[in-house]
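Laboratory data are not the source of any read-out in this text; all were calculated from the coordinates shown. Model, not experiment: these values are computed from the prediction. Every residue, glycine among them, receives a Cβ derived from its backbone with ideal geometry; neighbour counts consider all protein chains shown.
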Amino acid sequence: MDEVTIKVEGMSCGGCVKNVTGVLKALSGVAEAQVSLENASATVRYDPAIVSLEALRAAVENAGFDAPAS
Ligand code: 9UX
């Protein structure tokens, strides 16, 4: 299991945090997602054999937020 913290830009309230948490946790291979509004970030524990870092970013982008590479 890997852990990564990705930037998540564009969140403005707790609802956004819930949405981002939900889309990340919905991905196969994601064990845990902790999203911070204050830090504009998401810390994700995931199995890299099942889901890629790029797929994590893409899920956040598809939910309407920006997930720039580092
Ligand atoms: Mo809050 Mo975010 O009203 O997608 S849920 S701004």
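Values computed for the structure shown
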read-out	value
Sum of -39500 (n - 2.57) over DSSP H runs of 4+, divided by residues of the chain (222 nm, nearest 500)	-9500 deg cm²/dmol
Label-to-label distance, nm, for residues given as Glu54 and Glu38 (7 Å Cα→Cβ offset)	3.5 nm
Kirkwood Rh, angstrom, the chain [1 / mean 1/r, Cα pairs]	11.5 Å
The range 1-26-the range 29-70 distance, computed between alpha-carbon centres (Å)	6 Å
